[in-house]
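To start, the structure itself, in structure tokens.
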Amino acid sequence: WEPKYNEPYYWPSVFNKEVSCSYWYRDTCDYALKALGMVYRTKEEAEKNFAKDFKKLTGKKLEVQNNE
């Protein structure tokens with residue numbers, strides 16, 4: 001799937017350890033994420049794949065901090 005120009009999509013932000021939303025402008029970052037298979041139609045889909053994508057991008061297992 002490739003978004004249409006100016007259409008929103010979701011992707012894994014490893015720095016913030018959260019899913020981010022961007023708009024498809026056909027720039028280098030858009031195509032890089034697409035080539036990696038990390039462009040998602042919904043936030044839920046991106047969240048479902050976040051741990052796998054984090055590992056693919058960083059080489060490290062996602063560790064979630066418990067703030068209780």
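When segment 1-16 is filtered for residues that are at pLDDT 95 or above, under 25 Å from E63 (Cα atoms) and open to solvent by 40 Å² or more (accessible area, probe 1.4 Å), the ones remaining, listed by number, are Y10, W11. Cβ-Cβ contacts under 9 Å between residues 6 or more apart (or on different chains), taken from a first residue in segment 1-15 that is more than 12 Å from M38 (Cβ to Cβ) and touching a residue at least 24 places away in the same chain (Cβ under 8 Å) to a second residue that is acidic (D, E) and open to solvent by less than 60 Å² (accessible area, probe 1.4 Å), are listed as E2/D30; P3/D30.
Within segment 1-51, the only residue that satisfies the criterion of being among the aromatic types (F, W, Y), part of a helix (DSSP H, G or I) and more than 9 Å from the chain's Cα centre (by Cα) is Y31.
The values are calculated or read from the model by the stated rules, or taken from the named source; none is laboratory data. These numbers were taken from a predicted model, which means no experiment stands behind them. As a convention, Cβ positions derive from the backbone with ideal geometry for all residues, glycine included, and neighbour counts pool all protein chains shown. Heads up: the accessible areas ignore ligands, DNA and RNA and are worked out on the full protein's heavy atoms, side chains in. Shrake-Rupley method; radii C 1.70, N 1.55, O 1.52, S 1.80 Å.
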